[in-house]
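Here is the structure we will look at, set down as structure tokens.
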Amino acid sequence: QVQLVESGGGLVQAGGSLRLSCAASGSILRINTMGWYRQVPGKQRELVAIIGRSGSSPNYVDSVKGRFTISRDNAKNTGYLQMNSLKSEDTAVYYCNAEVLSTSTWTVQSYWGQGTQVTVSS
């Protein structure tokens, strides 16, 4: 089994910063891509940022380019999302996703964290 646990969400004023973390644990052989998604009530979950195993060429949704930075520490099986210059429209539940090669299944499967709330007050 593989578990993803997000942390770092909270309430922040517009213009402020937060850093989200996503710690993966369990029967992990290798983590391929890691991504951050967000969802607000009544809307579909949206991809915010994604990063490959090497950490090169991350991709971002246009609305967060220049403000958010995705990174990862493969030694710690942990991903991060640094969010700067936050806006009220960034308010959402943020979810971590990872494509993991597990030693329990010996296949690559997609796993999700439980989500962490980010609220930006204007």
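The values are calculated or read from the model by the stated rules, or taken from the named source; none is laboratory data. Keep in mind it's a predicted model, so treat the numbers as computed, not measured. Using ideal geometry, Cβ is built from the backbone for each residue, glycine included, and neighbour counts are taken over all protein chains shown. To get the accessible areas, we keep the full protein, side chains included, count just its heavy atoms, and leave off ligands, DNA and RNA. Shrake-Rupley method; radii C 1.70, N 1.55, O 1.52, S 1.80 Å.
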So residue 39 and residue 103, fully extended at 0.36 nm per residue minus their Cα-Cα distance, gain in nm 20.0 nm
Using a 1.4 angstrom probe and counting only protein chains, how large is the accessible area of residue 71 in Å², to 10?
-> 40
Per residue, how many Å² of accessible area does the range 35-93 show with a 1.4 Å probe?
-> 54
Rank these residues by their accessible area, most exposed first, probe 1.4 Å: 107, 91.
-> 107, 91
When only alpha-carbon atoms count, how far does the range 1-118 stretch along each of its three principal axes, as whole angstroms with the largest first?
-> 43, 29, 22
Which value, in debye to the nearest 20, describes the size of the charge dipole of the chain about its Cα centre when Lys and Arg Cβ atoms bear +1, Asp and Glu Cβ atoms bear -1, and nothing else is charged?
-> 120
Straight-line reach from residue 87: which lysines have Cα under 21 Å away, leaving out those fewer than 8 places along the same chain?
-> 43, 65
A 1.4 Å probe over the protein heavy atoms gives the chain a carbon and sulfur accessible-area percentage of 49
